[in-house]
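Only one structure is covered here, and it is reproduced in the block below.
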């Protein structure tokens, strides 16, 4: 166990070091411009010349400016501690009802994610049950389910929102539908595989009891599919979050993690963009972790993997 | 109908089964004519591909014959199945990991719609039959392979079928466990007086257990020899060293060799 912790921390440290190393060349030009305005001697001394000079030459010639690259107000690439500080300031230090609180925006996105995930999971399970029991559905639904995932969601999302708006549906529902659109697919694929996982012997055994399809489903297929379901749910919940964020982009939504990303990019607030990104990543990790926890508990109770 | 005819549980006449495969027809069973009487313990022995498992599956209506006729308790195999004529034991125990041992034994009872009280009563009875009293609340992974197979036999016995069909049930177990289970199976057979059809690869197992040994040979799957086992019904394990035992085993071996050439 300590060995694992050490290796994980080593990787994290390496990534952070790489990030800090990248910050200097990314931000050096802006840092030198500010330094020049502040009256310091910069080589070369004209912004025109500096534009055509490589970042690494600028760094070697103006090493005094390196510390400044880590603390700019609007850096091209914010340093890790800036992102962390922004995350801290917009979560712990803000009232969660504030429009500037990342928790507030996170909750807006999370509620759409969870609703979409519930719709997508329910739909996915229903489709899988149909596909497993009906050859017609297998041949007719499965290809469309696959095709649906080849369309870039970023192209489809505005259309969904516009169409729903025209019939008077707005708010959380359109976002949830985009979420569901992304999350039903892994559930369909996983559940089809799971419901088909009992081998010929298991099916023959039930046949010797003259069991019908309904009994076979409840007594054998469904319990046997649970491990597959959880694998799908973990992919599905992450896809749901992506769907909810993408659903916030084309509407010019004013709240939600997607809105934070969009506003950040409009106003060049890179620190805000990065902190929203990390907020989304932390949220996704938390959701996947929760499902993983439920998976371990339930599968252990069901006697799988022991 | 005379007494002898009523005594026949399984009657197969000129039974054929041909599988249509991509490489042409495969004659899994050819001209199988065999009567199995009530209370008999019949072993089917032969090399892979001789159709012994296929024949058992035809009795259980898991395969449909392409020629000849077969009756189980005087009915078609399909009707016999609906009348709960047989319990089937597969090579693997195939217990559901999410059910306890008692829960697994209840599976056929739930499917067949027995009441809760009947279920509990029958579970208790068959657990005692296979010497697994006190293991009802355990999960399959908590039991050894031999105990799991015993639980699967209990599951097949749970609904009081007269016929027990067993497809190499001890094939995956080691020899010591196998000997023990063979002894227990004879015991169980003596107590319940079931008719048993038993598929095996092992000559000593077939001779030790059966009243009748059906030697089969492959391509096409057919009966090479039917040997009535003259050993007494009560058989301690060391009967396997007796001259009578060895003589029957020798005849089985001869039958297998002829079928192979």
Margin query: For region B:223-261, give me each residue that is assigned to a loop (DSSP other than H, G, I, E, B) and in contact with a strand residue (DSSP E or B) (Cβ under 8 Å, 6 or more places away or on another chain).
Written below: B:229
Item checked: Looking only at region A:255-282, and only at residues there that are farther than 17 Å from residue A:111 by Cα and touching a residue at least 60 places away in the same chain (Cβ under 8 Å), the one that is nearest to the chain's Cα centre (by Cα) -> A:278
Item checked: Given (1) in a helix (DSSP H, G or I); (2) free of Cβ contacts under 8 Å to residues at least 24 places away in the same chain; (3) loosely packed, with under 15 Cβ neighbours inside 10 Å, index of the condition residue A:22 fails -> (2)
Check: So, in region B:89-114, of the ones that are without any contact (Cβ under 8 Å) to a residue 12 or more places away in the chain and more than 9 Å from chain A (Cβ to nearest Cβ), which residue ends up surrounded by the fewest Cβ atoms within 10 Å (Cβ to Cβ)?
Finding: B:113
Next item on the list: Output the residue which, of all residues in region A:107-153 that are in a loop (DSSP other than H, G, I, E, B) and free of Cβ contacts under 8 Å to residues at least 24 places away in the same chain, is farthest from residue A:174 (Cα to Cα).
Entry: A:134
Check: Looking at region A:289-306, which of its residues are part of a helix (DSSP H, G or I) and either surrounded by 17 or more Cβ atoms within 10 Å (Cβ to Cβ) or within 14 Å of chain B (Cβ to nearest Cβ) (or both)?
Finding: A:291, A:295, A:297, A:298, A:299, A:300, A:301
Check: Hey, among the residues in region A:203-224 that are without any contact (Cβ under 8 Å) to a residue 40 or more places away in the chain and more than 24 Å from residue B:60 (Cα to Cα), which one's farthest from the other protein chains (Cβ to nearest Cβ)?
Finding: A:222
Margin query: Within region B:175-191, does at least one residue satisfy the condition of being surrounded by fewer than 22 Cβ atoms within 10 Å (Cβ to Cβ) and outside any helix (DSSP H, G or I)?
Written below: no
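Quickly run through region A:51-62 and pick out the residues that are over 38 Å from the mean Cα position of the chain (by Cα) and in a helix (DSSP H, G or I).
A:60, A:61
Taking residue A:169, is it at pLDDT below 95 and either out of contact with any helix residue (DSSP H, G or I) (no Cβ under 6 Å at 6 or more places or on another chain) or away from chain B (no Cβ under 14 Å) (or both)?
yes
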Next item on the list: Please work out if residue A:195 is touching a helix residue (DSSP H, G or I) at 6+ places or on another chain (Cβ under 6 Å), under 30 Å from residue B:58 (Cα atoms) and in contact (Cβ under 8 Å) with a residue 12 or more places away in the chain.
Entry: yes
Next item on the list: Being surrounded by 15 or more Cβ atoms within 10 Å (Cβ to Cβ) and either out of contact with any strand residue (DSSP E or B) (no Cβ under 7 Å at 6 or more places or on another chain) or more than 21 Å from residue A:287 (Cβ to Cβ) (or both) narrows it down to one of A:113, A:97, so name that one.
Entry: A:113
Checklist line | Residue identified as out of contact with any helix residue (DSSP H, G or I) (no Cβ under 9 Å at 6 or more places or on another chain), surrounded by 11 or more Cβ atoms within 10 Å (Cβ to Cβ) and either in contact (Cβ under 8 Å) with a residue 60 or more places away in the chain or not assigned by TED's automatic domain parsing to the domain that holds residue A:279 (or both) among A:65, A:17, A:79 | finding: A:17
Check: Among the helices (runs of 4 or more DSSP H) contained in region B:63-169, which hold 1 or more residues that are more than 30 Å from residue B:33 (Cα to Cα)?
Finding: B:101-112, B:116-129, B:145-157
Notebook entry, point to check: List the pairs whose first member sits in region A:166-183 and is outside the structural domain of residue A:238 (by TED's automatic domain parsing), whose second member is buried (at least 17 other Cβ atoms within 10 Å of the Cβ) and not in a loop (DSSP other than H, G, I, E, B), and whose Cβ atoms are under 7 Å apart, counting only residues at least 6 apart or on separate chains?
Noted result: none
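The values are calculated or read from the model by the stated rules, or taken from the named source; none is laboratory data. These numbers come from a predicted model, not from an experiment. We place every Cβ from the backbone using ideal geometry, glycine too, and count neighbours over all the protein chains shown.
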